[in-house]
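As structure tokens, the structure follows; a few thoughts come after it.
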Amino acid sequence: MALLENPLEHPEKFHISKDLGFILEDPLEELPDRYQVWVKLAKNLPTLVEEGQFREEAEQLPELSIDELQGYKEQRLAHLALSVITMGYVWQDRNVKEVLPRNIAVPFWNLSEKLGLPPIMVYADCVLANWKKKDPLGSMTYDNMDTLFAFPGGDCSKGFFLVSLLVEKAAASAMKVIPDIFEAVKKKNSESLKESLQSVASSVYEAYKTFQLVHEHVNPNDFFNILRVYLAGWKNCSLLPKGLIYEGVSEIPKEFAGGSAAQSSIMQCFDALLGIQHTTENGNAKYLEEMRNYMPSPHKIFLEAVASHSSVRDFVSSSDDIQLKKAYNECVKALVHIRNYHLQVVNKYIISPSSKQDSEKGQKSSDDEVKGTGGTNLLIFLRSVRDTTKRALLEES
Ligand code: HEM
Ligand SMILES: Brc1ccc(-c2csc3nccn23)cc1
């Protein structure tokens, strides 16, 4: 398939970087003067929300056409800034806004259509495009990085977004071997395939090790009680039961799901590469599929090309090369490891603060009722995704 033969030789076709994968390389920090009002307001969100002035300031924005935005990086920064403004406008306080004013809604809707993104903040905004190096000549380490935009809750959003970014960066080192993997399957070259799969497994283990940074940089109570509010969406949402009205776009309210790293292309890319099919019984496959519509369209196209390519899994399972099966299983075990670790993190950052809050309020909401950032019943979803990954292990006999 032409799309796949040289995806990393023409990264511009998919906006995928050889070194950083799906991360937006060197994001812009400023927009042309006429659009800088969006950046300025989004950067002031924490202070203005604190003062209860954010909505008032947002309503003063001029309504701007997106046509003067030049190039992909300006469009991504504008989508990020408008998404931050939208989440702040809707969730500033418990008096939730049901109408997004046209001076935000019209450019946000039009720009979203151009990028193939929904008109709500997504992972590709606040994780993949929301970063800078403090010392441009330094490396991408937590201490030399900052986010471009933050939410209330102190350094919680910086921690959550940057740790996710660094996990993406560690995992991204696997991206450059994808063409070699498909070449090896095409040529039935077990030795080359074994080497590439070993490289994928070590990238996923690097991602697992980076994940531990979350304990250092994200406070569980700030995450659960403050930040999580701003990542919520307006689909199956009790506070916005019909969704949000995008003024100037449609009088009919529209529903869009809240932030979830099911929108992370790299994790879905590993599943696609290894032929890990998530179950259709409990809606996981449907949800993961739907979240591909919350990725930049070039990333969605790339993922679908990986998923539809000749199956690595079929080649390995029909091979009698035990070492090859072991190399494939190392990749699956690494994914199970990171998903197990992620479940422990979710217990610490959502389940425990939630039950602590319930006992303080004297009510009990069972784990089943605790919603995820993406509005899903999170524990069932995450355990099931982990279990499906585990079931993908091949017999090594
Ligand atoms: C405070 C830290 C974190 C919390 C509380 C958290 C919470 C969650 C929740 C609740 C879900 C279910 C999705 C939904 O609600 O629809 C989820 C999914 C996911 N999260 Fe996180 N997460 C955290 C950090 C991370 C990090 C650092 C990564 C690494 C990139 C990550 C990657 C994922 C992925 C890939 C999924 C989709 C399910 C899967 O593919 O396993 N999460 N997370
Ligand atoms: Br919008 C938005 C979407 C996803 C995330 C994110 C980063 S890691 C992770 N696990 C669950 C969600 N999640 C943060 C903001």
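The values are calculated or read from the model by the stated rules, or taken from the named source; none is laboratory data. Note that the coordinates shown come from a computational prediction; the quantities given were computed from them, not determined experimentally. Reconstructed Cβ throughout: ideal geometry from the backbone, glycine too, with neighbour counts over all protein chains shown. What goes into the accessible areas is simple: the full protein's heavy atoms, side chains included, and nothing from ligands, DNA or RNA. Shrake-Rupley method; radii C 1.70, N 1.55, O 1.52, S 1.80 Å.
So what are the ³J(HN,Hα) numbers for the stretch 215-221, from phi and the Karplus equation (6.51, -1.76, 1.60; θ = phi - 60°), rounded to whole Hz, Gly and Pro as x?
Running phi through 6.51 cos²θ - 1.76 cosθ + 1.60 with θ = phi - 60° gives 5, 7, 10, 10, 8, x, 6 Hz.
So for the chain, averaging the separation of alpha carbon pairs under 8 Å that are six or more residues apart and normalising by length, what relative contact order in percent results?
Relative contact order here is 19 percent.
Relative contact order (percent) for the stretch 116-216, with alpha-carbon contacts under 8 angstrom and 6 or more residues of separation?
Relative contact order here is 24 percent.
Could you please report the charge total around residue 389, scoring K, R as +1 and D, E as -1 over all other residues with beta-carbon less than 15 angstrom from its beta-carbon? Spell out each step's value before the answer.
Values: positive: 313, 333, 339, 383, 386, 390, 391; negative: 271, 330, 387.
The answer is +4.
Net charge near residue 234: determine it from the other residues with C-beta under 11 Å of the C-beta of residue 234, scoring Lys and Arg +1 and Asp and Glu -1.
+2
Need one word for the stretch 17-392: rounded, prolate or oblate. Basis is the Cα gyration tensor (sqrt eigenvalues a ≥ b ≥ c); a/c below 1.5 gives rounded, then a/b vs b/c decides.
Since a/c reaches 1.5 and a/b is larger than b/c, the shape of the stretch 17-392 is classed as prolate.
In the structure shown, do any of 286/356; 43/97; 209/235; 97/300; 18/134 have a Cα-Cα gap over 25 Å, and if so which?
With Cα atoms farther than 25 Å apart: 286/356; 209/235; 97/300.
Could you report the accessible area of residue 383 in Å², rounded to 10, computed with a 1.4 Å probe on the protein chains as they sit in the structure?
Solvent-accessible area, nearest 10 Å²: 100 Å².
What number comes out for accessible area per residue over the chain if the probe is 1.4 Å? Units Å², please.
The answer is 44 Å² per residue.
Under a plain spin-label model, where a point goes 7 Å from the Cα along Cα-to-Cβ, how far apart in nm are residue 34 and residue 56?
2.9 nm
Going through the DSSP H helices of the chain, which span 18 Å or more along their own axis at the Cα atoms while scoring at least -1.0 as a mean Kyte-Doolittle hydropathy?
In the chain, the long hydrophobic H runs are 71-91, 102-115, 156-172, 190-211, 322-346, 378-391.
If Lys and Arg each add +1 and Asp and Glu each add -1, what is the summed charge of the other residues whose beta carbon sits under 15 Å from the beta carbon of residue 191?
Counting the neighbours of residue 191, the net charge comes to +1.
Give me the percent of the accessible area of the stretch 17-392 that comes from carbon and sulfur atoms, probe 1.4 Å, all protein chains in place. If you can, show how the numbers build up before the last one.
Details: 7730 of 15950 Å².
The nonpolar share, carbon plus sulfur, comes to 48 percent.
With +1 on the Cβ of every Lys and Arg and -1 on the Cβ of every Asp and Glu, and nothing else charged, how large is the dipole of the chain about its Cα centre, in debye rounded to the nearest 20? Intermediate results must be reported in sequence, preceding the final value.
Values: 44 positive and 54 negative charges, 165 e Å.
Around 800 debye, computed over the chain.
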